[in-house]
Each structure stands twice: as C-alpha cells, then as structure tokens.
Ligand SMILES: Nc1ncnc2c1ncn2[C@@H]1O[C@H](COP(=O)(O)OP(=O)(O)OP(=O)(O)O)[C@@H](O)[C@H]1O
Ligand SMILES: Nc1ncnc2c1ncn2[C@@H]1O[C@H](COP(=O)(O)OP(=O)(O)OP(=O)(O)O)[C@@H](O)[C@H]1O
Ligand SMILES: [Mg+2]
Ligand SMILES: [Mg+2]
C-alpha cells in the first residue's frame, strides 16, 4: 500500500463517487467504506460522494454525472443504475479528460463497443454469486423439487444477473421453477408475493430472493404460514439484519460482496490511473457465500 | 293550443304550452305562458313555486319533461344556454354565478370575449364594459377589477350588466333586485324601460310585489308548479296577488309599536377595518330591533363580520350586556359562545352545507345538547328538533334528509334561519335575512324577528329593503362609506332623511377625493 | 315511514337497512375477483389464502382508514408511507440498537408518528397551506429521518416484538382483529358522533362551519394527529410481522391508500366517504395483488391490470351512484 | 392609480409593471440558494454549472408547465412520469428494435403521449371522475406498458437521436430554448387568450362556466391531451439527451412537477397559477439538487433539506401574498 502524501503545493485530485440507491443498505455501506478510506488518507484526494434516491431514478444519476463534470472533478467512480443509459454521458465525461471507473454493476458491453468507449470495471460477478447461493441450496434438495425466485426490480442489471445465476443453479441441479416474480427489492412487496406463492405451490422447497430485505419478507410469509421448516430461504448481500436469522437457520444462505471495499477499490484504481495515465484491466472483486451455522436440511415430508 | 302562424310582429314572442318538469317531485305542472314584444311580464309565486325552473327552461339551462315552446312562431327547444342565447334569449340567474378571478369586463362578456385569433382584445373589452357599467350604475368601477373583490350587490349589478350587454329579444331577470338598494333599482328600471321601448320582451321574477306592480304589464302567478292566473298588472291589486300566490289570506303584516327599551345588549365603539369599515359605533338593547340601512357597499356586511369575529378588526371595542369591560371576539366561535348569532348574506357560500341533508344543516351550530356522553348524537332527538324548526318556519321539503342544494332559494334561506334559531343566541345579527324569500316567508320571518325581540333578544337587521326596515325596526342606523352616518328612532325617520344620510359619506368622499383623481 | 324517501348516503348515518345495498356493489366486485382467480389457479380458493390475506392487510387497513378521514375533511396526507418508515426506524433502533424495553420502544414509535401528524396538521392549519404540499415535504423529511436514524440499515428485532402480530383465534392475527375494530369504531365515530359530523361538514364547506361558530382547526388537527397515530400502529404491526424494521418500509403506501379509499367511493373533494367502503377497497386491492401473484403474472401485467381495475372501479362507482339516485 | 386597490394576482394578465414585484420573491429565493452553495463549495458558481443545469431541466420544465395547466383547471395528472417512461419506450423500441426512421419514431412517441392524455381526459370528463384516481390508474398502466414493450430493457439508441439535444448557442441546448419558448407561450396563452381565461374560469367554478353557456369539456380535454404531448416532448428530449430509452424513466416526476408548480404559487384548488412562477419553481428545485450534489451532502440530508425547502417555500408564498394584499 502506498501511504505517501501528495507533495505539498500540488493540488489534491478530486474524486466524485456516484452511487446507486442510497436507500439501500448495500450502497450505503459502500459509501461509508469510501468515506472511511478518505478519512484515513485525507491528503491523497478530496471525495464528493453522491447517490440517487432509488435505482429507478436513472435520469437523476445521469444529471449527477453531468453536474460532477461541471464541477471539474478529476475522476469519477460510478456504480451505474442502468448499464446502458449511463454509457453516453460517461463517454462524454471521459472525452472531457476525466478519469472514469465503473464499479459494482458492469456497463453493457455491446453499448460500450457501439459507442467506442473503454471504461475499466471493478466489481463482483452477481451471476456467479447468485449461482453459488443457489448451488448451496440445491445441495439440500433433490432433482424435481419446486423452488421460487423472488426477483429484484425487473430491469435492474444486478437483479437480472442474480436471477440468471439462480436459474443456472436450478438448471444444474435439475430443480423446477414454480414461480419467478419481482418483489422490487422490498420487504413488504416480497412478503405479498411470497405468501401467495407458497399457498399456490404447497410442495415448494426453496425461495431464492435477490436480496436480503426480500428474504426477510419471505421468512415472515413462511412463519405466518407455519412452513418455516419446510422451505429454505436464500438471500443476497449479507446485511446485518439477516445474520441472526442465519444463525437461527431461518435463512440458509446469502452472498457477501464486500460492499465496504468495493468503492475503495474503485478509488484506488482512479488514483492509479491519474498517476500513471494508463488504462488498467478490469478487476473482479470477491463474492463470498455465507451460510448459517445452524442451517438444517428441510425435513422430508 | 296550436297558435296559428301569425305575422312576425303581431303574435306573441314566446308561447309555452303544457310544460311539465319534475325533479324528485313535480316542479312545474302543465304550465302555459306567453310573452309579447315590448312587454314586462312578471312571474310571482311562493318559494319553490317553480319560477326559476320555468326561467331556466326558457333559457335552455334545464330541459322540460314535456311541453312545447315556440319562439317568434318557430318551434323552440333549446338544448343549452348557448343555443338559447343564439336565438336571442338571455337569463340573469337568481343565484350569483360569477367567477372570482375574472375581471368585471370579462365576466360581462364571458363566452363571447372580443378576440383576434384567440387573443383577447382587452382595450375593446374594457371600453365596451365601461359603457354598460355606466348604465347599471357601476360607472366608477374599474372594469379590470376582479369580480371576486365586489360585494354581493355589486356582483348582482355585474350579472345584470352581462344580461344587458347584448341585444336580445327576450331577457329574463330572476330576482335581480334581491340584493339591491333603491337607487340601483331605479337605474335598473330605467334600463328596463329602454329595452321595452326597443321591443324586448322581459320576464321579471321578484318577491317585491310593489315593484312588480309598478313596472310590469302583466302578472302571472305560479303556485305549487301550476299557473293560477295571468292578468294585466292594473287589474291585480296587491291583496289579490298575495291571495293567489299563497292560496289563503295572509295575516296583517307585523306592526311594531314603540316599547320601552331594555338594557344594552351590545355596544360597539370605534370599530375600524379599512377600507370598508372606517368608524362604526352603535348600541343595541335587549328586546329591540336595530335596523341597518345603507347603500350597496356601504360596509354593513363587513362591519357585522368584524363584530362577529369572522374578520379581524383593526380597532374598536365591543361591550356585551352593559358590562364596562370590552370583550375580544377573535373568532366566530367566541362570538357564538358569547351569545351572538350571524346569519350571512350569502347562504350558498357561507351558510349552507349544500350536499348535506337539511337536518344536518339545521342542527350544525348546536350539536352539543343533541349528544350524550362522548359526543354521540341522539339521532331521534336530532330529527325531531329539525322537524320542529322546519315546521315552525314552514320550510318546504320532501324530506329533511334531502340535500340542502335541492331546495329553492327561499327554503334554503329558511334552513339557515332555522340553524340560528336552534342555537338560541341573545344577540342575533341578520344580514339580508329575506333575500330571495317570498312574501309569505317574509311575513313569517318578520313575525319571527318580532317574536325574538319580544322575548328580549337583541336583533340587528341589515337589509337593503327599506320598507322592511321601516316596518320592523325600533331604531335605524344608517351607514355610509364605512361610518354610521346617523341613527333614527322610530317616528323620527322618513325615507328622505334615511336616504340623505346614506348618501352623505359618499358626497364628502367625492368632494375630498375630487382634487386627487 | 311509508312515504318514499330519497336515499342519500353522506356517511352521516350507518343505514343498517340500506347497508347491504350500499356495499353490495363492492362485495360483488370482490366476489368476481375471487371467482376469476379461483378458476385461474389451483389453490387460490382456500381458507389459507384468505387467512394469509387477512393477516397481511392490517397495516393497509389502518392507513386507508386514516386516509379516508383525511380525505373527508378535504385534505390529503401523502406522507403516510414515509412516516410508516420513520416509525419503523424508531422502533427498530430503539429495540435493536438502544436496547430499550419493548413497551418504551413502542411508545417511542407512537410518539414519532404523533409528531409527524402534529407537524402536518399544525403547518397546514396555521398557514392555511394545501396539505398536499405540506405532506409532500413531510414525505421527504420523514424518509430522510428514517435513513439518518438507521444509517439506512434494516434493523433485525427477532422475537422481541413477535407476539404483537402473533396469531389468535381462527388463525386470524391480533392486528387483523384490531384493524377490524378500528374500522367499525371509525365508521361509528364518522356517522354517529359530533366529531364525525364536524368532519363531514368541514369537508363540505369549511367557511360555513367556521361562521356557524365552530372552530374547524381542532377537528382538522385531530384528524392529522390521529393519522400519525394510526400510521405508527401500522408500523408497529408491520415491524412485528417482519421481525425487522426497514427504513424503506411503506414506500408508495400513500397512493395505495388513496386508491383504496376512492375505490370505496370516498370523494377527493371532501365531505363524502365511508370507512367500511374503504375497507372493501383495501380488500379488492389485496385480493388483486394476491391473485396476480398466485397466477404468477408478469410484472407488467400486474401493473396494467391494477391500473385498469382502479379506473374500472371508479367508473363502476359512478354507475352505482346513478343507480342509487334512480336515474 | 392613486387609490389603494387590492392587488390580486390571479394569473389573469401578465402585469408587465408588476412583473418584477411578482417574481421578486422567487428570484430572491433563487439568488439566496445560489449564494449559499457558491459560498459552500469551490466550483459551484461557474458558467458551466449553470449551463449544465439549463440543459438538464427542459423536460422538467415542460412537464411542470403541463402540470400547471392541469392544476389551474382544478385537475391533477399523476401519470406524467409513467407516460414519459412509456413514450421513451415507444421511441426507443421503434428506433432500436424496429429500426423505424427517426421522424416516424418521434411521431409514434408523440402519438403515444397523445393517446394517454386523451384517455385521461376522456375518462375524467365522460364519467366525471376525479382525475387523481384516473391518472393514478394511468400511472400503473403506462408503466406496465413501457415494461411490456421493452421487456424491461433499456434501449440504446446511440447517435440516432443525438442531434435533438445537441448544443446550440452559448452552450444552451435546443431543448432548453424550446422549453423557454414553451414557458413564454404558455404564460401568454394563459393570461391573454380566450382559452386561458376559460381555463382559469373552469378551475374556479366549473358549474358557473357551464351556466354561462360554455362547454368546459373541450377545454379540459385539450389540457389533458396537451399534457400528453408535452410529456412526449419531454420524453423525446430526455431520450435524445441520454441516447437511451429507459422504461423506468420519469419515476416520481409527477410529485416533483406538482412541487415546482406549488412552490411557484399555483393553487391545488384550481383557478390560480402562473407558468413563469412554475419555471422559477423548477429552477429552485434544480439548483437545490445541483448544489446539494456539489456539496456531496448525504442522502438523508438531501431529503430533509428538500422537504424543508418545499414547506418553507409555500409558507413564504403565504406571506408574500399577505404582503401583496397589504395586510
Ligand atoms: N336541481 C334540482 N333538483 C331537485 N329539485 C329541484 C332542483 N331545482 C329546483 N328543484 C325543486 O323544484 C321546485 C321549484 O323550484 P324553483 O327554484 O323553480 O322555485 P322558485 O319559484 O324559483 O322559488 P324561489 O322563490 O325560492 O327562488 C322546488 O320544490 C325545488 O326544490
Ligand atoms: N372580499 C373583498 N375584497 C375586497 N373588497 C371587498 C370584499 N368584500 C367586500 N368588499 C368591498 O367592501 C365594501 C363594503 O362591502 P359590504 O359587503 O360590507 O357592503 P354592504 O353594505 O353589506 O353592501 P352589499 O352587501 O349590499 O353589497 C364594498 O366596497 C365592497 O366592494
Ligand atoms: Mg327562484
Ligand atoms: Mg351586505
């Protein structure tokens, strides 16, 4: 790790961090990680951290990109809310001589190619992570068991990736998808959907939720139906609130993407690029599968 | 009755035969009517007799259930007010229908604003408006002023101005003078005479029967939706008219004799709320009716509102029941708690809950005694009390569960009166209580006011109808330009003196402002 | 009463006789929905489904009841969803982070809701501002406060508050029974008490009420703060049901609550509304959601159908009213 | 004018003399905001910042203008955000998937907006329903349609539509100039034409308008469909600016537009409003957003500040009106 301070007199680079939904614990952890990093190295750079209210508000994020460019920041680290729509504005920013790093959610390759932009990516592979979670569950099930997927917001990139990852695992294990619906990342919407799905599919064996908030809703639905011990639940993100549930075995697995480090990786990359003026390669950050200590196999009927 | 095709000028302008209209109950039953050129045909009848309904049908606002109308010999069945206006029929409605933010000029010409490709020609508009305003006696008022800032009398004049603004063959005036004072009424009559001379047929609806006798050529009387008589005005003495309207003899109008006045109930001193109220001081005693006269816009309503706490006064003291310490009435609630009641001049906007049942309107101001522990309303009691009051005032409705909106204007007014009677206050302020009320209803309200005074209540009666003030009041305060210009005791007054006092403030003001403007 | 009397339901009386007639339309709509979904799926028509729905909706019922009151006095409260999130946040943080005893934490949550309602009411009344905009401001502020307090983290409470939403008789949860009691009480207050009469009157013509010597402000303030309380109760119920407090809870509840009230025939122009009808509105929306989820409908289908049902419901209400007026 | 006349601005005419006075309050608020942010950050006060803001807000201006019209006739349109998403979706799919020529695709997008506006208007008018609920239904339906059409995928259009939002003079984009032109034209129409007077009159008292022999329905229908058009224009501008069409575009725009209009003094009770004031409202919100972003404020701070500013703005408007009335 380089700890040397910028030489006095030289201007500190200003780095803008542009986050997705700050209403989401995951991104807040990310932002807090970045702020902590900045506080630990106050002499290396200035940080302007911003995010949007919810990830549906893509145009607000594009406006943030434009505003940060108007502020003449030196580098921009962004977790795009939309993998296609953000490409053109980011390309303009790059053309204005600002360093751009893509974190968390990878920009769409075809669009990048079409607009002849190259933006380095630092982040996890959501599909791989979701597959790992799915595989873990599949090991406790047998081929042909019906499972349900509770998806995130329908057109969010990571929601799609996670769904695909779950589907990969389901296919590999020969399970059956009984239902796949969106819970919009929210506890109570997921709860509604889960409650209806478990009634409609009495033989359901597992619920794969695209984030932990929705897993909380699914658990509540199962508890209300008295079927907590018959249906496995998996989440994603490893938020603080599910840890107790994991211990109790009510949630079987989740994935940890190390949110606190993600933005920091991006910032380090940006500082590197500013110094070396080179374009580093993409870097995949780790996703860890977390399983509850007391997780049990479903009791066979 | 098939009228033979007549020469355009000799036959009646409008004939109506066998007209029926029912709402939940029958409003018009087999009514026939005709109007000649250059004639003023008055339409009188009790509240709810169907006058306004007939007027609305002629003007295309409402459609009849059956019956035939002919206009100038042609079949006439307008489907909208616009269509009727296209055929030369205009109506000035009983209920004011002005739109607050529009200017006076825009209100007069609304629906046919002068424009070039959609862009309003304001110069032409204001000029035309000024001419018409002059005719109805609003010459001094800026036509660009929003109508929302006018008092009710001025609003009425603007509506009349709109009616006069275009040549028409038939003009229907539905209670145009209900909120006007004598000078404006005179001016209106001049305009009517002018239109008559031009050959316009005028349908004139009013509860002021002397007026009707004075200006109309023929009088038609409606009772319970049926036409009971049509006669030349000269052959219809007042007594006959009333008897035909009411279907019975009315008792003597109330005659009040001077009585020893009781102790002071309310004393107001130096009340100010500019610009409408500049300096109002008066006293009203228990058992007394204090009349308030004044020209339109003289500030009577505004003064009463300030006393009642509806508006905040800038200065002035109010003493109740002879107490030496002034009370502060900051809200109507405090005023009502202190025993004041205020019947507003604008029942539709400030008095009634139009969509609620009549029962709820009557009991609104005094629900506490009708409720037991925890505010539960005793519904049987409520209904009984509402019915008692409705009967006492002869409020005519199919059921007290009917929404107030469905009542005729006069009956609506009775509902508001009932509300305040039910509250049983000591000091009652009545602002134009008989506006739009028929002669029978008026007599009832007069008796009621007299009865209240008899019982020792202090009554303030604000009215634009001088006759009514002269008949009822023990004393009359005359307001002019925001001041009480004079107060007369019964026997000391005359119409001339009162009028002179009412004009005094304006003369001074005009002289004072003469140099400035 | 032998004479034909016009039938006018202004929410003033609970017309026990006309009860069936009044709610028949809504009940029919509900039955139709249930029939459609029962035919379309295998397991929808079952006691479990209805129990599940019943236990899901108590918070929606409380909020829609509050919204009905607010709409009747001709105001609106757009902040209910955010305030729910804020109350949840207070409860969650109090229990999970500050380790307060549960009763105290519940009190704190109720207080949080109360304060928001009080603010909405005071600002709206003091400056005579449209509540639409005041509560729009509160929508932002309460959500911001919820995030600030929880650092945007969902708080896990575990079994600390579990009992509140625990099942009681016939598998119906305590919150559901409570919500039903609130509906009945609220309808009675609306139709039978002086307070209810004042509410309807204020919604019809506030100036006339004021000039009748009644100060409308305490009534309005009471309605706003009552709303704060009911929202807090809804937050407590949801938190207990999910055993976790999410600062994002309640997003979008405001429009759902308005939709439920309006489907139930409550007027946005004030002066007309019924809590029982709103309850039917909530049921219709809940059955629709549940049925569409049981069918496994795609998200866009859900939205299209929900939108269409909202519009269809108000059109149907229009005809029901015309029918009732005998036109 | 020597006599003291009550000064009432009902948006009736553009009082060229009183212009400054009328908008002074809002301009002062704007200046204050800019001053605060300029002092708080290093780079905020620059031509680039203002140019950036100017080029970001055209769609917000168009939508807020439309909302002002809708509010003036005493209706509301909650579907503007969803309809924007739907129009974007049509444009995006037409260009990217169906490979239609751009002019045709633009026409399709305009048609899509027009149809939604027409639907809102027709249903509201035909059955005399509250537009709140009709457009709430449309909010769901249009969003569902947008997702259905795009299969929930953002459509990348590349340079096909880039020119529309391309820069023109002084770095101000064509859409910004267009939006300014729309604001001025809309204000003039509102204050100077027969149509505008009808709008104000309908918003004040629709029944009185009807009794004046004017059919309010065509006017209302025109306002709703005009809104559909303006929203489509906003969608085209945004799509061109982002070179991509997102089916989620416009989420939450409805409340922002209402907030902008109300901050600008437009009444939710109809009959009062000014497009120019709404424009100031949009500016205030935009500068607030931009400034808070420049400061890098935390999200909860942003929400708290935004909420507080909305409430403060309407309270200020209250006092401005009182001052204007000379109380
Ligand atoms: N829109 C309506 N709906 C129901 N009933 C109505 C309606 N308009 C009028 N009525 C009824 O029709 C009858 C006639 O009313 P109308 O207004 O014509 O009376 P009027 O002679 O003008 O009385 P007033 O002197 O009080 O103005 C009344 O019984 C009234 O209640
Ligand atoms: N809302 C208002 N805004 C501005 N001016 C008003 C308003 N209401 C009334 N005025 C003006 O105040 C003055 C006093 O009106 P007020 O209504 O008290 O008179 P009044 O004697 O009761 O006459 P009337 O009721 O017959 O019009 C009038 O010049 C009127 O135009
Ligand atoms: Mg009449
Ligand atoms: Mg008066």
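Kindly provide log₁₀ I(q)/I(0) values, in the same order as q = 0.13, 0.21 Å⁻¹, from the Debye equation applied to equal alpha-carbon scatterers of region B:347-424.
-0.33, -0.85
In deg cm²/dmol, rounded to 500, what helix-only [θ] at 222 nm does chain C give when every DSSP H run of at least 4 residues adds -39500 (n - 2.57) and the total is split over its residues?
-23500 deg cm²/dmol
Which whole number gives the average, over all residues in D:41-51, of C-beta atoms from other chains lying within 10 Å of the residue C-beta?
3
Tell me the label-point distance for the pair residue C:315, residue A:115, using the 7 Å Cα-to-Cβ offset, in nm and rounded to one decimal.
A separation of 4.2 nm, rounded to one decimal place.
So what's the projected area for region A:122-212, the Cα convex hull averaged over all directions, in nm²?
With the hull built on Cα positions only, its mean projection is 5.5 nm².
Estimate the FRET efficiency between residue C:297 and residue B:243 by the formula 1/(1 + (r/R0)^6), using the beta-carbon distance for r and 56 Å for R0, to the nearest 0.05.
0.15
Using just the helices of chain B, give the 222 nm mean residue ellipticity in deg cm²/dmol: DSSP H runs with n ≥ 4 each add -39,500 (n - 2.57), and the total is spread over all residues, rounded to 500.
Calculated at 222 nm, the ellipticity per residue is -10000 deg cm²/dmol.
Can you compute the FRET efficiency between residue D:98 and residue B:79 using 1/(1 + (r/R0)^6), with r the Cβ-Cβ distance and R0 = 41 Å? Round to the nearest 0.05.
Step by step, r from the Cβ atoms, then E = 0.30.
Test of understanding: express the Cα radius of gyration of region D:84-182 as a ratio to 2.2 N^0.38 Å, with N the residue count.
After normalising by residue count via 2.2 N^0.38 Å, the value is 1.27.
Which whole number gives the average, over all residues in D:282-294, of C-beta atoms from other chains lying within 10 Å of the residue C-beta?
3
Once the Cβ-Cβ distance between residue B:349 and residue D:32 is put in as r, and R0 is 35 Å, what FRET efficiency do you end up with, to the nearest 0.05?
Rounded to the nearest 0.05, the efficiency is 0.35.
Give me the percent of Cα-Cα pairs in region C:235-327 that sit more than 24 Å apart, rounded to a whole number.
Of the Cα pairs, 33 percent sit more than 24 Å apart.
Taking the Cα centroid of region B:54-69 and of region B:187-235, what is the distance between the two, rounded to the nearest whole Å?
19 Å
Over all alpha-carbon pairs of region D:53-314, lay out the pair-distance distribution in 10 Å bins, whole %, shortest bin first.
It works out to 8, 30, 35, 21, 5, 0, in whole percents.
Ratio of region B:94-165's C-alpha Rg to 2.2 N^0.38 Å, to two decimals?
1.00
Distance between the C-alpha centers of region A:135-199 and region C:77-107? Whole Å please.
So the separation of the two Cα centres works out to 31 Å.
Which number comes out as Rg/Rh for the protein assembly as shown once both Rg and the Kirkwood Rh are worked out on C-alpha atoms?
So for the protein assembly as shown, dividing Rg by the Kirkwood Rh gives 1.02.
Over 46 Å, how big is the tail of the calculated P(r) for chain B, in percent of all Cα pairs?
Across chain B, Cα pairs with separations above 46 Å total 13 percent.
Could you order peptides D:312-321, D:139-148, A:118-127, B:303-312 by the average number of other Cβ atoms within 10 Å of their residues, highest first?
D:139-148, B:303-312, A:118-127, D:312-321
Residues of B:397-410, mean number of Cβ from any other protein chain within 10 Å of their own Cβ, rounded to a whole number?
That average works out to 2.
Measure off 7 Å from each Cα along the Cα-to-Cβ vector at residue A:11 and residue B:193, then give the distance between these two points in nanometres to one decimal.
8.9 nm
Take the alpha carbon atoms of region C:268-325, find their center, do the same for region B:84-110, and report the distance between the two centers in whole angstrom.
One Cα centre to the other: 41 Å.
Quickly rank B:64-74, D:278-288 as a protection proxy: mean count of other C-beta atoms within 10 Å, highest first.
Highest mean packing first, the order is D:278-288, B:64-74.
Between residue D:162 and residue D:107, what is the label-to-label distance in nm when each label sits 7 Å out along the Cα-to-Cβ direction?
2.6 nm
If packing is taken as the average count of other Cβ atoms within 10 Å, what order do A:277-288, B:150-161, C:171-182, D:29-40 fall into, highest mean first?
Averaged packing, sorted descending, gives the order B:150-161, C:171-182, D:29-40, A:277-288.
What area, in nm² and to one decimal, does the C-alpha convex hull of chain A cast on average over all directions?
Mean projected area for chain A: 15.8 nm², to one decimal.
Bin all alpha-carbon pair distances of region B:1-115 at 5 Å intervals from 0 and give each bin's fraction as a whole percent.
Cα pair-distance distribution for region B:1-115, in percent: 2, 10, 18, 21, 19, 13, 9, 5, 1, 0.
A short reminder: the numbers here are calculations on the coordinates, not readings from a lab. Computed from a predicted model, the values in this text were never measured in an experiment. Please note: Cβ atoms are built from the backbone with ideal geometry, for glycine as well, and neighbour counts cover all protein chains shown.
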